[in-house]
Amino acid sequence: MNILEKNIQALASGTNEPLALKLNDFLKNQKCTRFSLDENLNIFDLKNQVFMYNDVNQEIDYFKNAILEKTLRYPFVCIYGIGNALLLKSLISFYKYIFIFESEIELFILALSVIDLSKELSNGKIYLVDINEEKVNMQLSILFGQRDMFEYLSLYEIFMNSYYQKYFIDEISQINDKIYETINFIIRNLDPSSKIPLICYDNFIQNIPLMLKSIPFQRIIQERKNQFENCIVVCAGPSLEKQIPLLKKYQENFVIFCADGAFPLLYKNDIIPDYILNLDLEEYPIEFFKDIDINKLEKTLFILAQSTHPSVVNFLKNINFAIVLNGDITYEKLNLFDFGYLEVGTHVGHMCYTLALALGFKNIIIIGQDLAYNDKGNSHFSDFILGKDADLALNIPSLKTLAYGGVKEVFTHIGWDDYRKKLEFLFANNTQANFCNATEGGARIAFTKELSFKECCLKFANQKKKILEIPKKLTSNRSDKFLKKVIEILKKDLHIINQTLEDAKILYNALEKILLNEDKLPLNFLSNIYKNIENFNFVLEKNEIFKEGIFRGIFFKRGFELSQIITLKIQEEEKYLLLMIKVYKNWLILLIEKLITIKGSLEKII
């Protein structure tokens, strides 16, 4: 096996299979016609009639030193242009990750023919990004969303040599914009001051007893999967009203998944959904379900997230309902396979789509998913219980985005725009189903087929849906056994939280006392103190509980604050360590606050 084959095999092993397939396809069907490699490993650009380097070794050394100087103590580096890959080998020992962005398939081929990078490519230390890959935005989200990456996203900058800077400036600008867009998207979802993760966790803890007495979600999947191919997901956007007549006409031909906010409009028009979903942290959704005739919903299933407000769960406890757990470490460790798991996302529409996928639907028709204001400035349909301009009243920063149909632009806001990107990620990674966007308004959603609702109804309304029996609940005895098992697991969590809380307080008090004499602290002493911090970090890293979603924001805050010191490029080790210790001490205050809150939630059930 030659070097190129070895490198491509390493890519195919999991780090970047799409690029490996693209390289193999090129090798089978094409030859390098724009770039060539001479005996000195210099690359010649036939289009521009220029060599990449005047002097290969000299320029690589200069570029290497320039990068190292600007990224002192950085955990990762981003470079545009793979070059001849010799630079990568010389930089490997200085970084945890190296990300290479490239647009030219021939340059990937030539570079991977020069030097064996298979070990680094297979373990992800070097990651190659084809900026022409259709799903490059998704790749960036996965790469930069890793635990040991998202903490340090504020350190991002991209480096390129003079050749790339001269001939690929447009490509560099485009990928740079996409990277910044991805970073901003990730950071917005890691707000350390947000109370949402803690509220979700507290709601879940309170919901456990009723969850164990509800219909096990897994029974719903087992008994109903692949029973029907066509469904409609109904969301509460302003365009929904115009789709009601057709929805009513064809409701017997489609399984209907309904976002909770859209339910009153459907109910008012004698349209009974098969599934009604909710994941709201607050209790206002009770308003959606007041004054309804329970008998009309005897064949309807309410699917609630583990984070649904306990008051909503309690209000619906006499109706057919199931609580499904999110696919997160927090919940998966409970081993409650009868009651989960589903990627519920952050919006109820997302939950509708993942449920439809879990149930094996092949054609998923979308209506009311505007994700934008209509011409009158409304965010929801006119009779929406919380107000047709409910989102407008929230004063979320607005922006323009491509409209449905791909011609005009519409006004949206940051929250919807982030949600749209999450949907696109979901749709792009679930090609086993057809997502037909029949909203006929609002924002364009990539990886969906835009068809009118009428077209969808005529195309897919080819049979009547089956009336399915409601799955049975667990016996009281089995439910009680599950509860005991959950409590034992959560007791272990509480023990870890208590121990970590005690250690964090001890470390904080020690750092506070030490820093009172900061002017007299020698390097050896500071190094030993910082080792204590690293040991505490090691405990946090190795324990699974701290990999859970409720801690992501707090760890982002840790990395962000430490990054502010790293960017100062401080040469003196004493000064650098002293500042890092100060920052860490302040971060411990936030960690302690979060641990105390989580402890309080756990004590509610234990």
Report task. Once you have a ≥ b ≥ c as the square roots of the Cα gyration tensor eigenvalues for the stretch 195-242, tell me rounded if a/c is under 1.5, and otherwise prolate or oblate according to whether a/b is larger than b/c. Result -> oblate
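With charges set only on the Cβ (+1 for Lys and Arg, -1 for Asp and Glu), what does the dipole of the chain come to about its Cα centre, in debye to the nearest 20?
Around 1720 debye, computed over the chain.
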**Report entry** Spacing of the two label points (7 Å from each Cα toward its C-beta) at Phe315 and Lys242, in nm
**Finding:** 3.1 nm
Query raised in the report: Which one of Ile208, Leu240, Met149 has its Cα pushed farthest toward the positive end of the charge dipole of the chain, where Lys and Arg give +1 and Asp and Glu give -1 at the Cβ?
Result: Ile208
**Report entry** Pairs of Cα atoms farther than 16 Å apart, the stretch 514-579, %
**Finding:** 58 percent
Requested in this report: Have a look at the DSSP beta bridges in the stretch 3-188 and tell me what percent are antiparallel, nearest 5.
Outcome: 30 percent
**Report entry** At 1.567 mPa s and 4 °C, Stokes diffusion of the stretch 203-460 via Kirkwood alpha-carbon radius, µm² per second
**Finding:** 70 µm²/s
Query raised in the report: How much length is gained if the chain between Asp270 and Asn2 is pulled fully straight, taking 0.36 nm per residue apart and subtracting their Cα-Cα distance, in nm to one decimal?
Result: 89.7 nm
Report task. Provide the FRET efficiency to the nearest 0.05 for the Glu287-Tyr180 pair, computing r from the beta carbons and using R0 = 41 Å. Result -> 0.55
Report task. With both partners inside the chain, how many of the DSSP beta bridges are antiparallel, as a percent to the nearest 5? Result -> 20 percent
Query raised in the report: Most exposed first by the Cβ proxy, i.e. fewest other Cβ within 10 Å, how do Phe288, Phe411, Phe168 rank?
Result: Phe411, Phe168, Phe288
**Report entry** Stokes-Einstein D for the stretch 214-332, Kirkwood Rh over Cα pairs, 4 °C, 1.567 mPa s (µm²/s)
**Finding:** 86 µm²/s
Report summary line: Of 114-124, 298-308, 204-214, ordering from highest average Cβ density within 10 Å down gives 298-308, 204-214, 114-124
Requested in this report: Note the full-extension length gain between Gln463 and Asn335 as 0.36 nm times their separation in residues minus their Cα-Cα distance, in nm to one decimal.
Outcome: 42.3 nm
Query raised in the report: Is the stretch 188-272 best put as rounded, prolate or oblate by its Cα gyration tensor, with a ≥ b ≥ c the root eigenvalues, rounded for a/c under 1.5, and otherwise prolate when a/b is larger than b/c, oblate when not?
Result: oblate
Requested in this report: Subtracting the Cα-Cα distance from 0.36 nm times the residue separation, let me have the gained length for Lys64 to Ile470 in nm, one decimal.
Outcome: 139.7 nm
Query raised in the report: the stretch 414-483: D in µm²/s via Stokes-Einstein (Kirkwood Rh, Cα pairs, 20 °C, 1.002 mPa s)?
Result: 135 µm²/s
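Rg/Rh for the chain: what does it come to with C-alpha atoms and Rh from Kirkwood? Intermediate results must be reported in sequence, preceding the final value.
Numbers: Rg = 27.4 Å, Rh = 27.3 Å.
Computed over Cα atoms, the ratio is 1.01.
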Query raised in the report: Can you sort Arg34, Arg420 so the residue with the fewest Cβ neighbours within 10 Å comes first?
Result: Arg34, Arg420
Report summary line: Scaled by the rule-of-thumb 2.2 N^0.38 Å, the alpha carbon Rg for the stretch 459-504 gives a ratio of 2.35
Report task. Quick one: P(r) of the stretch 142-254 from all Cα-Cα pairs, 5 Å bins, percents rounded to integers, in order of increasing distance. Result -> 2, 7, 10, 8, 9, 11, 13, 13, 10, 7, 5, 3, 1, 0
Report summary line: Simple spin-label estimate for Lys96/Glu541, 7 Å along Cα→Cβ, in nm, reads 0.6 nm
Requested in this report: Report the calculated FRET efficiency for Ser398 and Asp38 (r = Cβ-Cβ distance, R0 = 56 Å), to the nearest 0.05.
Outcome: 0.55
Query raised in the report: Counting only Cα, what are the radius of gyration and maximum Cα-Cα distance Dmax of the stretch 3-188, in Å?
Result: 15.7, 49
Requested in this report: Tally the DSSP beta bridges in the stretch 203-460 and give the antiparallel ones as a percent, rounded to 5.
Outcome: 20 percent
Query raised in the report: Which whole-Hz couplings ³J(HN,Hα) result when phi for each residue of the stretch 199-208 is put into the Karplus expression 6.51 cos²θ - 1.76 cosθ + 1.60, θ = phi - 60°, listed in order with x for Gly and Pro?
Result: 5, 4, 5, 5, 4, 4, 4, 6, 7, 3
Query raised in the report: What list of ³J(HN,Hα) couplings, whole Hz, do you get for the stretch 280-285 from phi and the Karplus terms 6.51, -1.76, 1.60, once you set θ to phi - 60° and write x for glycine and proline?
Result: 5, 7, 9, 8, 4, x
Report task. May I ask you to evaluate 6.51 cos²θ - 1.76 cosθ + 1.60, the Karplus curve with θ = phi - 60°, for each residue of the stretch 409-423 and list the ³J(HN,Hα) values in order in whole Hz, giving x for glycine and proline? Result -> 10, 10, 7, 10, 9, 4, x, 5, 5, 5, 5, 4, 5, 5, 5
Query raised in the report: With charges set only on the Cβ (+1 for Lys and Arg, -1 for Asp and Glu), what does the dipole of the stretch 322-438 come to about its Cα centre, in debye to the nearest 20?
Result: 220 debye
**Report entry** Taking the chain and dividing mean pair separation by its residue count, relative contact order in percent (alpha carbons under 8 Å, at least six apart)
**Finding:** 15 percent
Query raised in the report: Which order, highest average first, do 133-139, 279-285, 260-266 follow once you tally other Cβ atoms within 10 Å for each residue and take the mean per peptide?
Result: 260-266, 279-285, 133-139
Query raised in the report: How much net charge surrounds Phe44 when only other residues with a Cβ under 12 Å from its Cβ are counted (Lys, Arg +1; Asp, Glu -1)?
Result: -2
Query - Förster-model FRET efficiency, 56 Å R0, Leu568 and Lys225, C-beta, rounded to 0.05 - result: 0.50
Query - Simple spin-label estimate for Lys119 and Asn517 in nanometres, 7 Å along Cα-Cβ - result: 4.5 nm
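Values in this text are rule-based calculations from the coordinates and carry no lab data. Just so it is clear, the structure is predicted and the values come from calculations on it, not from any experiment. So basically every Cβ, Gly included, is an ideal-geometry build from the backbone, and we count neighbours across all protein chains shown.
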